[in-house]
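Have a look at this one.
The values are calculated or read from the model by the stated rules, or taken from the named source; none is laboratory data. None of these values were measured; they are calculated from a predicted model. All Cβ positions, even for glycine, are placed from backbone atoms using ideal geometry, and neighbour counts span all protein chains on display. For the accessible areas, the whole protein counts, side chains as well, though only heavy atoms, and no ligand, DNA or RNA atoms are used. Shrake-Rupley method; radii C 1.70, N 1.55, O 1.52, S 1.80 Å.
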Amino acid sequence: METGLIILQGVVVIGAILLGVRMGGIGLGLWGLVGLAVLVFAFGLAPGEPPTSSMLIILSVITAASTMQAVGGIDYLVEVAKKILKRKPALIALIAPVVAFIFTLGAGTGFIYYPLIPVIFAVAYFNGVRPERPLAVAGTASQFAITASPVSASMATLVGLLDPVDFGIGDILVVVLPASVVGLLAASFVQMRVGKELADDPEYQRRVSAGEIKPVDTSVLEARQLPKEAKRSTFIFLAGIAVIVLLGMVESLRPAFPDDEGDLVPISTSIVIQIVMGVTATLIVLFCKVKIKDVVTQSTMTSGLIGLIALFGIAWLADTWIAANETAIVSAMGGLVEAARWTIAIAIFIVAALTTSQAAALAAIVPIGLALDIPPQFLAAFSVAAIGIYFFPANGSQVTSIAADETGTTGISRFAIWHSFSLPMFIMWLVSTVVALLTAALVYGTS
């Protein structure tokens, strides 16, 4: 009877996630709260812990990023990317994903990639490169960088979960960042050989013959004039990120305060992120002539708040179910995970694919890993599986890339779940996971 109740509660959790995905936007968070209400009022489960720390990190980060965007900081990054992409057009399938990865890494959001899509297409098309090659791998890279970014919602979630077990942002980056770079480069080199050359592609030839190929808008390659504050805001924001990484990796630099036993304990990295990002936003306002009322209207603010609400509902729902049934869950999954810890990575991948949210996937699965006593360094390594959000071709950057490629080389197969982004997604995930696991074992051991 008890097992049946736990399964029924699990169905409520999964059902809430699926309904939230179907609604879209903040629906994931809203349905998460509905599921929480069912568990608390119908099943009598004690409410778990809301992801307060992760939510505050997200709020502080999107405030700083939106402040930078309000004065043209993100536009400045796009202009820098244009110059880089135009220098070596023959290598665009390698350069474009590296640029997309670095920009998302620094900005903490994949939305910075959207303005680059027409630029990547134009550079590839003008130089006879099959557009699918750079578009597919760059789009994937723009989302893959999320789990390695010090200021992303995904990292905020992971820090909130692992910091309490003494595995902070510096430790996470040591495991995830180098591995992500290796996975990115592996996918990029493979992608350079994908498909026929553009001149030999039958779909492209059909579109040319039918007169369906329109002249490409060359204006996307032209430089834009931006105020000097745009560049200044970008450097202030990046300096804030550098401070966070430094304080996260060098514990002795953080202020320390007595704990309950009187021992001096450095403040957590989650607190560091909140404080530093708040100061960063203020410095941008003071030195870059930001109009305060414009900050809350930026796309980064909107998307960040959507992610925050989604995390609030789903993470609280998952924590309530896991906390109430921890013994049974550990007993049921313990044998499987003990024999093959990597199965947690598959769970993260599947939940990410269903929710299309990396933060939500980590919030739902990593606590299970902690309950099963999987060492935090391995949970950090498995976090790259959150690229599962690209499993279904429903992500905004995927749809936009397909629409931008007028040659028809970037697209979705008749099987739907196999598309132009599938190969780079799996290569990035699998290669980076192997490298991350080896790094975790070598640096932090296996227990």
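Determine whether residue 262 is of a type outside the set (D, E, K, R) and in contact with a Ser or Thr (Cβ under 7 Å, 6 or more places away or on another chain). Walk me through it before giving the result.
Working: of a type outside the set (D, E, K, R): yes; in contact with a Ser or Thr (Cβ under 7 Å, 6 or more places away or on another chain): no.
When the stated conditions are applied, residue 262 does not pass them.
Next question, about the same structure. Are any of the residues in segment 228-237 small (Gly, Ala, Ser) and open to solvent by 40 Å² or more (accessible area, probe 1.4 Å)?
Residues of segment 228-237 small (Gly, Ala, Ser): 230, 233.
Cutting the leftovers down to open to solvent by 40 Å² or more (accessible area, probe 1.4 Å) gives us none.
No, segment 228-237 contains no residue that is small (Gly, Ala, Ser) and open to solvent by 40 Å² or more (accessible area, probe 1.4 Å).
On to the next question. Scan segment 403-435 residue by residue and report those that are of a type in the set (Phe, Trp, Tyr), open to solvent by 40 Å² or more (accessible area, probe 1.4 Å) and part of a loop (DSSP other than H, G, I, E, B).
The answer is 415, 418.
Can you name every residue in segment 15-54 that is open to solvent by less than 30 Å² (accessible area, probe 1.4 Å), in a helix (DSSP H, G or I) and not aliphatic (A, V, I, L, M)?
Matches in segment 15-54: 15, 20, 27, 29, 32, 35, 54.
Identify the residue in segment 125-149 that is part of a loop (DSSP other than H, G, I, E, B) and open to solvent by less than 10 Å² (accessible area, probe 1.4 Å) and, among all such residues, is farthest from residue 421 (Cα to Cα). Full working, then the answer.
As a first pass, look at segment 125-149 and keep what is part of a loop (DSSP other than H, G, I, E, B): 127-131, 149.
Still in the list and also open to solvent by less than 10 Å² (accessible area, probe 1.4 Å): 131, 149.
On the way: 131: 12, 149: 21 Å.
Among those that are part of a loop (DSSP other than H, G, I, E, B) and open to solvent by less than 10 Å² (accessible area, probe 1.4 Å), it is 149.
Related question: Considering segment 381-401 alone, what residues qualify as being surrounded by 22 or more Cβ atoms within 10 Å (Cβ to Cβ) and under 15 Å from residue 116 (Cβ atoms)?
Result: 397, 398, 401.
With respect to residue 108, is the statement that it is surrounded by 24 or more Cβ atoms within 10 Å (Cβ to Cβ) and at positive phi true?
Numbers: surrounded by 24 or more Cβ atoms within 10 Å (Cβ to Cβ): yes; at positive phi: yes.
Yes: the conditions hold for residue 108.
Go through segment 236-263 residue by residue and tally those that are touching a Pro at 6+ places or on another chain (Cβ under 6 Å) and either charged (D, E, K, R) or farther than 20 Å from residue 62 by Cα (or both).
Initially, segment 236-263 is screened for residues touching a Pro at 6+ places or on another chain (Cβ under 6 Å), giving 241, 244-245, 251, 254, 256.
Cutting the leftovers down to either charged (D, E, K, R) or farther than 20 Å from residue 62 by Cα (or both) gives us 251, 254, 256.
Matching residues across segment 236-263 total 3.
Right, another one. Do any residues in segment 287-305 that are under 15 Å from residue 236 (Cβ atoms) have Cβ atoms under 6 Å from those of residues that are not aliphatic (A, V, I, L, M), where the two are at least six apart or on different chains, and which pairs are they?
288/229; 288/232; 288/233; 289/229; 290/67; 295/66; 295/67
Please go through segment 248-271 and give me each residue that is among the aliphatic types (A, V, I, L, M), part of a helix (DSSP H, G or I) and either in contact with a Phe, Trp or Tyr (Cβ under 9 Å, 6 or more places away or on another chain) or touching a residue at least 40 places away in the same chain (Cβ under 8 Å) (or both), ordered by number. Spell out the reasoning first.
Start the filter on segment 248-271 by keeping residues that are among the aliphatic types (A, V, I, L, M), which leaves 249-250, 253, 256, 264-265, 267, 271.
Going one step further and asking which of them are part of a helix (DSSP H, G or I), we end up with 249, 253, 271.
The answer is 249, and nothing else.
Here is a follow-up. Suppose we filter 93, 122 for residues that are in contact with a Lys or Arg (Cβ under 6 Å, 6 or more places away or on another chain) and either at pLDDT 80 or above or crowded, with 22+ Cβ neighbours inside 10 Å (or both); which single one remains? Step through it out loud before you land on a result.
On the way: 122 fails: in contact with a Lys or Arg (Cβ under 6 Å, 6 or more places away or on another chain).
Testing whether each residue is in contact with a Lys or Arg (Cβ under 6 Å, 6 or more places away or on another chain) and either at pLDDT 80 or above or crowded, with 22+ Cβ neighbours inside 10 Å (or both) leaves just 93.
Next question. If you check residue 165 against the conditions, is it surrounded by fewer than 20 Cβ atoms within 10 Å (Cβ to Cβ) and either closer than 18 Å to residue 106 by Cβ or touching a residue at least 60 places away in the same chain (Cβ under 8 Å) (or both)?
On the way: surrounded by fewer than 20 Cβ atoms within 10 Å (Cβ to Cβ): yes; either closer than 18 Å to residue 106 by Cβ or touching a residue at least 60 places away in the same chain (Cβ under 8 Å) (or both): yes.
So residue 165 passes the test.
Also: Taking residue 114 as meeting all but one of (1) surrounded by 24 or more Cβ atoms within 10 Å (Cβ to Cβ); (2) within 15 Å of the chain's Cα centre (by Cα); (3) closer than 18 Å to residue 224 by Cβ, write down the number of the exception.
Going through (1) surrounded by 24 or more Cβ atoms within 10 Å (Cβ to Cβ); (2) within 15 Å of the chain's Cα centre (by Cα); (3) closer than 18 Å to residue 224 by Cβ one by one, residue 114 breaks only (1).
Mind checking whether some residue in segment 253-275 is surrounded by fewer than 12 Cβ atoms within 10 Å (Cβ to Cβ), among the basic types (Lys, Arg) and at negative phi?
No: zero hits.
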